Amino acid sequence: MAAAKLNTLLQTKVIESQPEACYLLGRLEGILSRSIEEKTETYSFLIPLVRTLVSKIYELLFMNLHLPSLPATNGSPSFFEDFQEYCRSDEWQMYIDKYIIPNMKQYEEKSFRHNHEQMAVYWKDCYEAFMVNMHKRDRERGESKLKFQAHFVEPFSRKARQEYLRYNSMLKQLHSQHTATLRQWRSAQLYLLSERGPWSEMKQHPVHWKLSNVENFSRMRLKLVQNYNFNPHQDASDLRDNLGVHQTQPSSESLLLEVVKQVKVSDLEDDVLELPEDDTASISNLDEKDEQSQKEKLILSEDCELITVIDVIPGRLEITTQHIYFFDGSIEKEEGVGFDFKWHLSQIREIHLRRYNLRRSALEIFLTDQTNYFLNFNKEVRNKVYSRILSLRSPSVSGTRSPQELFKSSGLMQKWVNREISNFDYLIQLNTMAGRTYNDLAQ
């Protein structure tokens, strides 16, 4: 079908110039020679085109002079085989190489070179327009992204952070209020049900004692305090002795605490009515404390660990302009019995840099009530907490200097030489300055 259409076009085509005729014959001869060499069926489709083209350009290219042996194209039945044989002759090859090919290249260069340049310029303009539009689109996309972040993402993130802080603050306040209420209930219960209380029980329960955290000058713990949270660990003892776990009836004290845990405390006036008589003096100062708490501002809040002799309590330390708070963050703690502390900054007597697990990441704080606490932080956080506490306290706080300077300024050796202190007191103070502590068994 394609060969028939090309043949129709050649028959109607008016060929006026020799370069054009050479171009058509050269293009057709290249395909024809390949088909003859490869012996394909293409030759049979090209023979009508060759006959039509040769008959049209025979006189224009003076083929009667250059190709005297050219087979006749006027309907000869043997033209198919004769022209195939003639294409292999030297006469045809020399005519194509010396006359047709040079004129074909000259025609191509003259006709298509300008078109090639125009197409190159056109595609170059298209590519430049494409790159400009792409850069414009990327710039508009970036501007849209920045506007979206400024108008939607950042306000949402800011609002989410504010809501998160507000929610955590509310939970912290509720937890602190609930813990304080439970402790007040315990205090009221102990007061009312004690040996000389108005509701004292006829059957006295055994009294358990524990060693107090209060130390004397020699860092000895000589005071015993009553242990209201004594646990005999009966289940563990039974399991150890292979006696199984016995289900015991809950005591009246535990039932009372369970009832108290269900109470929702809404304001401080209800707490005032439930406090024992010993706390009436502190109740009268609630308004003053509220005013002071309103002026109190949070300075620093960091996660830490409270190190004790038998346990490590994870929690959070908060430093304000007036107090230092520690909130017990352990999951398995009993409500109302956690290691939550609150120290006024004026109670800090000494603060020392300590090591924990051979890492310089801990602080030991000594208070004026002869108690001390060992806190472990991340290594980078420890120095920040230390500097913040020192900046809020007066320069007279011990521990702001190195152990060597602290030892020289204390005059401890001269007191020992003058027998003002005993060997035990001297060694205890010396070990404290060197970093020894009772709170960590590794030291």
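Among the residues in the range 370-389, are any of a type in the set (F, W, Y), open to solvent by less than 30 Å² (accessible area, probe 1.4 Å) and not in a helix (DSSP H, G or I)? Scanning the range 370-389, I find at least one residue that is of a type in the set (F, W, Y), open to solvent by less than 30 Å² (accessible area, probe 1.4 Å) and not in a helix (DSSP H, G or I), so the answer is yes. Among the residues examined, Q177 does not qualify as closer than 22 Å to L224 by Cβ, of a type in the set (S, T, N, Q) and either part of a strand (DSSP E or B) or touching an Asp or Glu at 6+ places or on another chain (Cβ under 9 Å) (or both). Here are some residues: M94, M119. Which one is without any contact (Cβ under 8 Å) to a residue 12 or more places away in the chain and in the same structural domain as T8 (by the TED database)? None of the others qualify; the one that does is M94.
Looking only at residues of the range 89-138 that are closer than 30 Å to V54 by Cβ and basic (K, R), we find that the one that is modelled with the lowest pLDDT is R113.
Taken over the range 297-310, the criterion of being more than 14 Å from A442 (Cβ to Cβ) and loosely packed, with under 12 Cβ neighbours inside 10 Å is satisfied by K297, L298.
The rows are residues; the columns are (1) over 30 Å from Y426 (Cβ atoms); (2) among the hydroxyl-bearing types (S, T, Y); (3) open to solvent by 100 Å² or more (accessible area, probe 1.4 Å).
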position	(1), (2), (3)
K136	yes, no, no
R139	yes, no, yes
R158	yes, no, yes
L165	yes, no, yes
S176	yes, yes, no
E195	yes, no, yes
S212	no, yes, no
E215	no, no, no
N231	yes, no, no
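Scanning the range 15-55 for residues that are crowded, with 16+ Cβ neighbours inside 10 Å and charged (D, E, K, R), we see that the one that is nearest to Y107 (Cα to Cα) is E20. Residues in the range 329-355 that are at pLDDT 85 or above and within 15 Å of F377 (Cα to Cα) were compared, and the one that is most open to solvent (accessible area, probe 1.4 Å) is R355.
Got a number for residues in the range 197-209 being open to solvent by less than 50 Å² (accessible area, probe 1.4 Å) and either of a type in the set (A, V, I, L, M, F, W, C) or part of a helix (DSSP H, G or I) (or both)? Spell out how you get there, then give the answer.
If we filter the range 197-209 for residues that are open to solvent by less than 50 Å² (accessible area, probe 1.4 Å), which is where we start, we get 197, 200.
Filter once more, keeping what is either of a type in the set (A, V, I, L, M, F, W, C) or part of a helix (DSSP H, G or I) (or both): none.
The number of residues fulfilling the criteria is 0.
For the residues L300, L256, L268, the requirement of being at pLDDT 70 or above and among the aliphatic types (A, V, I, L, M) singles out L300. Every condition in (1) modelled with pLDDT under 85; (2) more than 26 Å from Q370 (Cα to Cα); (3) among the polar types (S, T, N, Q) holds for N168 except the one numbered (1).
I'm trying to understand the selection: among the residues of the range 315-328, which are in contact with a helix residue (DSSP H, G or I) (Cβ under 8 Å, 6 or more places away or on another chain) and open to solvent by less than 10 Å² (accessible area, probe 1.4 Å)?
Selection gives L317, I319, I324.
The values are calculated or read from the model by the stated rules, or taken from the named source; none is laboratory data. Bear in mind the structure is a predicted one, so any value in this text is a computation, not a measurement. Neighbour counts are summed over all protein chains in view; Cβ atoms, including those assigned to glycine, are modelled from backbone coordinates with ideal geometry. Only protein heavy atoms, including side chains, enter the accessible area calculation; ligands, DNA and RNA are left aside. Shrake-Rupley method; radii C 1.70, N 1.55, O 1.52, S 1.80 Å.
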